[in-house]
Amino acid sequence: MPRPFYVTTPIYYVNDRPHIGHAYTTIAADLLTRFYRLAGREAFFLTGTDEHGTKVAEAAQAAGLSEQAFCDRTVETFAAAWKKLDIEYNYFIRTTSERHKLAVLKLLDAMRAAKTDDGQDVVYSDYYEGLYCTGCEKFLTEKDLVNGQCPFHKRPPEKLREKNYFFRLTAFAQRIKRQIESGELVILPEERRNEVLGLIDQDLPDFSLSRERVKWGIPLSFDKSQVAYVWVDALSNYISGIGYGDDPASFTKWWDEAEVVHLMGKEILKFHCFYWPAMLMAAGVKLPNVMFLHGWFTVDGEKMSKSLGNMIDPNDMVAKFGPDGARYLLLTQYPFGIDGDVQAKRFVTQYNSDLANDLGNLVSRVVKMIMADFGGRLPQPVRELEGLEQLMLLAEELPESAYGHIKHFRITNAISDSLNLVRATNKFFNDTTPWLLGKQGQKAKQGAILYACCELIRIVSIMLYPAMPRKMREIRGVFGLDDGSLTLEHARRFFDLTPGSPVKLEQSIFPRIDTPFETGNVSAQANLTPASAALATEGLVDITEFQKADLRVAKVIAAERVTGTTKLLKLQIDLGSEKRQIVAGVAEQYSPERITGMKIIVVTNLKPAVIRGIESRGMLLAAKAGGNLVLLTPDGDLAPGAKVS
Ligand code: MSP
């Protein structure tokens, strides 16, 4: 029996809405799982949510909810998005679940019982010293301070010490290095491996395993005044989700005996490639086999950020392109592993060209001709057909070459190989002109060409199934095929379809899209549970909807009246990281002189508008009662760019 395959994604923070960054890793993991299953390997796919820590507690407080209620609600947006994208995970791990807590405590106990090679305790108690703001109830870093003060509470933080349990990381550095160098622990791509080796050589200090002042976390069994450090808590999901704490048989199968692959973005390298292996070593648990750290992408050349308003909701992509189109477009933008750009502006063109034209049209043309000229029955094959041998060679190589790509995480290559076969099949169809052959009385040859095309489409329906499961099943349905023949083994065959079997296409597989892709189409309602949807009908909005608006403090640096109107001012504003122009209808209440220098609140992520021929990129907030209009301003001296929440 081949070794089982176990793949994980990072668990995503619940204080964020799912965006295409999260979707990217999750779709990749789903694709790998499906591919290994095609190849006959058992596979387990774990994803989930990271629900503890101060940020979540703060978000819950802002929403007026208990931490748990907040997590329960926002976690649904992830589960719903994954469902829409046809993500089929085996288990969804939540760090607030009992199952997870059990595993974290077990792992902490095992680490606490461990000794280093020279007989020291791996876990030791010491003091953490830092700058603590009693207003925020958290430690701040020098970077957080403005003029030496907490920017929110306008007072200098106190130097405070708190007791923490520390993990003796330094004792494991060389062992981890040896594991990486010997290939026991594979870190990919190469560049990331070198980065980890460089980190190890920098002698990173020991890290805290626990926090005393953080309240929203898992209390330690041996000291209830402390909760597990968020990263210790989060990393443990990879073993808690397969039964480390509660299901030894499952854990043995999916951890000890499996090939364990952690997929993630490159920004969380230190925790995964250094802390996590050290924790496992200390606890006497086998290390994962592969860490694959893919790159980060920009969207249309810009960093994806709330303030730029270019965060793409995967639900919007599904609404426009269907789950398969969304999966395909996200996975094919640039090679998996490196940094790249997601060209959202080209989504529609790419969908139409690759999916509607190349693949969808091929299926339509071939199947419609069989329906029209062969009574909807698959014609007889012929081996000796001009151009077929070459095509069969290409098809024969495809399963092996694509599987090879998958084993090396070259997801983009695996997909493009199949698209190349589609294009070669289109060329074969065009070159052999089956539509003329029928009319020229060469029906057998026409039928043989169509049969060959169907075979090639069938092979592609297997090879592209991991990327586009729903549509590939739809294509297979055209030939009456079910999942029984959805294996790599079947993709290696030719002349597998039964001549005479019915072939039927009711609607085009990838209908063309003729309208541009705009984000922000999907109403929040689509993601809500029935209970929360009921609330929304009473006129309430979901907190995640509200959080979509990016409100910032801005300073007005210049203002002038817009000619031809008494109401409008053209303002130049400073948002800290950038300067912008907005047009505001406040000229009757605020003269340019009065408003210049004021700090105001601006919605920064509105789509740009042109008002009286002047571009406006944002909207200021003002309150109105009767004829009186006043600007909203911060009650305190905040730097431009400060977030309003
Ligand atoms: N909760 C931690 C992970 C703990 S795992 C033990 C976390 N969560 S996160 O919500 O911030 O998700 C980060 C992950 O989302 C990245 O590692 C990557 O998988 C994905 N991405 C988020 N934005 C991305 C891009 N712009 N580009 C590519 N992937 C991105 O960190």
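The values are calculated or read from the model by the stated rules, or taken from the named source; none is laboratory data. Because the structure is predicted, anything quoted here is derived from the model rather than measured. Quick reminder, even Gly has a Cβ in these numbers, built from the backbone with ideal geometry, and neighbours come from all protein chains shown. What goes into the accessible areas is simple: the full protein's heavy atoms, side chains included, and nothing from ligands, DNA or RNA. Shrake-Rupley method; radii C 1.70, N 1.55, O 1.52, S 1.80 Å.
List of remarks:
- Using the Cβ of Phe292 as centre and a radius below 13 Å, the other residues enclosed give a net charge of +2, where K and R count +1 and D and E count -1.
- Trp296, Trp82, Trp254, ranked by accessible area, largest first (probe 1.4 Å): Trp296, Trp254, Trp82
- For the stretch 129-165 and the stretch 99-118, distance of Cα centres in Å: 30 Å
- Estimated vicinal HN-Hα couplings, Hz - the stretch 310-316 in sequence order (Karplus 6.51, -1.76, 1.60; Gly, Pro = x): 10, 6, 9, 7, x, 4, 5
- Signed unit charges on C-beta, dipole axis of the chain, positive-most listed residue Ile475, Leu569, Ala344: Leu569
- Cα Rg over Rh - the chain, Kirkwood: 1.03
- Proximity of backbone amide H atoms, modeled 1.01 Å from N, is registered between Ser305 and Asn310, Met311 at under 5 Å, excluding neighbours fewer than 5 places apart on the same chain.
- Global geometry of the stretch 359-503, whether rounded, prolate or oblate, following the gyration tensor of its Cα atoms and the 1.5 cut on a/c: prolate
- Net charge dipole, the stretch 1-128: roughly 520 debye, given to the nearest 20, about the Cα centre with Cβ charges of +1 for Lys and Arg and -1 for Asp and Glu.
- Based on alpha carbons, the Rg and Dmax found for the stretch 1-122 are 17.6, 53 Å.
- Surface share of carbon and sulfur [accessible, 1.4 angstrom probe, percent] for the stretch 1-95: 51 percent
- Amide H contacts of Ser210: Tyr165, Tyr229, each under 5 Å away and 5 or more positions distant or on a separate chain (H built 1.01 Å from N in the peptide plane; Pro and chain starts excluded).
- Given charges at Cβ of Lys, Arg, Asp, Glu: the stretch 98-239 dipole, positive-most of Gly198, Leu107, Gln226: Gln226
- Each Cα pair under 8 Å and six or more residues apart adds its sequence gap; the mean of these over the residue count of the chain is a relative contact order of 13 percent.
- Here the chain is treated with +1 on each Lys and Arg Cβ and -1 on each Asp and Glu Cβ, and its dipole about the Cα centre works out to around 1300 debye.
- Computed from the Cα positions only, the extents of the stretch 60-163 along the three principal axes stand at 49, 46, 23 Å, in decreasing order.
- With the gyration tensor restricted to C-alpha atoms of the stretch 377-424, the semi-axes of the equivalent ellipsoid amount to 26, 10, 10 Å, longest first.
- Distant-in-sequence amide contacts of Tyr13, defined by a placed amide H-H separation under 5 Å and a gap of 5 or more residues or a different chain, comprise Asp50.
- For the stretch 300-363 versus the stretch 196-225, the gap between their alpha-carbon centres in whole angstrom: 38 Å
- Considering only alpha-carbon pairs that sit under 8 angstrom and 6 or more positions apart, the relative contact order computed for the stretch 333-432 is 36 percent.
- At 1.306 mPa s and 10 °C, Stokes D of the stretch 167-223 from Kirkwood alpha-carbon radius, µm² per second: 118 µm²/s
- Placing unit charges on each Cβ (+1 for Lys and Arg, -1 for Asp and Glu) gives the stretch 109-246 a dipole about its Cα centre, and among Gln174, Leu235, Thr116 the Cα reaching farthest toward its positive end belongs to Leu235.
- The alpha carbons of the stretch 1-67 give a radius of gyration and a Dmax of 16.2, 53 Å, in that order.
- Within the shell of other residues whose beta carbon sits under 15 angstrom from the beta carbon of Ala395, the net charge comes to -2, with Lys and Arg scored +1 and Asp and Glu -1.
- The string of couplings for the stretch 45-52 from the Karplus curve (6.51, -1.76, 1.60, θ = phi - 60°) is 10, 10, 9, x, 9, 9, 10, 9 Hz, one whole number per residue in order, with x for Gly and Pro.
- Ranked by how many other beta carbons lie within 10 Å on average, peptides 358-367, 190-199 from highest: 358-367, 190-199
- Rounded to whole Å, sorted largest first: equivalent-ellipsoid semi-axes of the stretch 582-645, Cα gyration tensor: 19, 17, 12
- Cys residues of the chain that find no other Cys beta carbon under 4.7 Å: Cys71, Cys273, Cys453, Cys454.
- Between the alpha-carbon centres of the stretch 408-471 and the stretch 575-645 there is a gap of 57 Å.
- Alpha-carbon Debye profile of the stretch 322-445, log10 I(q)/I(0) at 0.20, 0.21 Å⁻¹: -1.20, -1.26
- For the chain, the solvent-accessible area of protein heavy atoms averages 44 Å² per residue (probe radius 1.4 Å; ligands and nucleic acids excluded).
- A simple rule links phi to the HN-Hα coupling: the Karplus curve 6.51 cos²θ - 1.76 cosθ + 1.60 with θ = phi - 60°, which for the stretch 319-329 gives 4, 8, 10, x, x, 6, x, 4, 4, 4, 4 Hz, with x for Gly and Pro.
- Summed side-chain charge close to Thr47 - residues other than Thr47 whose Cβ falls under 13 Å, Lys, Arg +1, Asp, Glu -1: -1
- Sequence of Ser401, Ser182 from largest to smallest accessible area, 1.4 Å probe: Ser182, Ser401
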